1. So what is the relative contact order of the chain, in percent, for Cα pairs below 8 Å that sit 6 or more residues apart?
2. Anyone know which of LEU123, LEU202, LEU145 comes out most mobile in the 10 Å Cα GNM of the chain?
3. Can you give the convex hull volume of the alpha carbon atoms of the chain per residue, in Å³?
4. Counting only protein heavy atoms, what percent of the accessible surface of segment 7-175 is carbon or sulfur at a 1.4 Å probe?
5. In a Debye calculation with equal point scatterers on the alpha-carbon sites of segment 1-130 and no solvent, what is log10 I(q)/I(0) at q = 0.12, 0.16, 0.18, 0.19 Å⁻¹?
6. Enumerate the amide H contacts of GLY59 below 5 Å, restricted to partners 5 or more residues apart or on another chain; note that Pro and chain-start residues carry no placed amide H.
7. For segment 58-98, what are the per-bin percents of Cα-Cα distances with bins 5 Å wide, up to the bin holding the maximum?
8. Run down the lysines and flag those whose C-alpha is under 25 Å from the C-alpha of LYS24, throwing out any fewer than 8 positions away in its chain.
Amino acid sequence: MPAYSSLTEFCCAGPQASYVRGLKSLGAVLDMLELARPGGDVCNPAVPELVLVQDMLGGWRTRGDSGGGPFDVRAEKGNIYLVAPNFAPTINISTHHQIRKFAFSTAQWEGVLDEAAGGGCSLESLQFSRGPFRSQAIESALRNLWTLSDEEGAPSRLLARAAGCEILAELCRLSGASLGPARGGLAPWAKRRCLELMRERLAEDISLDELAAEARLS
């Protein structure tokens with residue numbers, strides 16, 4: 001399969017393009033797609049995103065591996081599946097189905113999760129589920145995200161980011177990761193970037209403003 005930089009690029013430019021029924025995007029927050037397609041093998045390439053797949057109809061048999069190990073289940077409406085970043089899932093669905101996919105870019109969300117978990121959790125580590133799971137918190141947040149995408153402006157993007165944080169927090173909780181209170185100081189990702197910059201320019205004078213910009217702070 002060709003390499004794709006995102007799930008949206010694959011679904012809209014790849015072999016599944018004719019199955020796309022809806023495409024919504026909230027700036028750099030996340031992308032959302034709705035697909036209706038016949039049964040059979042659903043081959044997706046690995047993409048640098050954490051993908052949540054929500055079953056909109058239910059009633060079919062689903063087999064495969066989305067990064068947490070093999071599963072073979074009878075799908076139910078509302079079920080959620082988690083596809084690990086940079087993992088090419090192998091899925092077979094017995095009959096016609098309708099799903100929604102929510103893609104969280106690792107480039108956009110890894111820093112948020114890293115800061116919240118103090119380096120103790122990452123998008124790559126959220127591979128707790130073999131097959132479908134249910135979460136009222138995540139299902140509610142996904143409904144809100146789908147609705148918010150019809151609105152425009154900064155408030156909608158902020159609310160969408162808040163909903164995304166709620167989803168990631170719930171995934172961390174289900175994975176057993178701890179989201180402790182803020183302890184002050186730089187977030188782990190910001191500290192790493194500042195240290196990398198100083199190592200690269202060891203013989204130079206680096207201003208506090210430059211380090212702050214690298215850490216996305218004033």
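1. The value is 19 percent.
2. LEU202
3. Residue-normalised Cα hull volume stands at 140 Å³.
4. Answer for segment 7-175 is 50 percent, counting heavy atoms of protein chains only.
5. -0.44, -0.79, -1.00, -1.11
6. ALA75, GLU76, LYS77
7. Calculated over all Cα pairs of segment 58-98, the distribution is 6, 22, 33, 24, 13, 2 percent.
8. LYS77, LYS101
The values are calculated or read from the model by the stated rules, or taken from the named source; none is laboratory data. All values reported here derive from a predicted model rather than from experimental measurement. Reconstructed Cβ throughout: ideal geometry from the backbone, glycine too, with neighbour counts over all protein chains shown. Just so you know, the surface numbers come from the protein's heavy atoms only, side chains and all, with ligands and any DNA or RNA stripped out. Shrake-Rupley method; radii C 1.70, N 1.55, O 1.52, S 1.80 Å.
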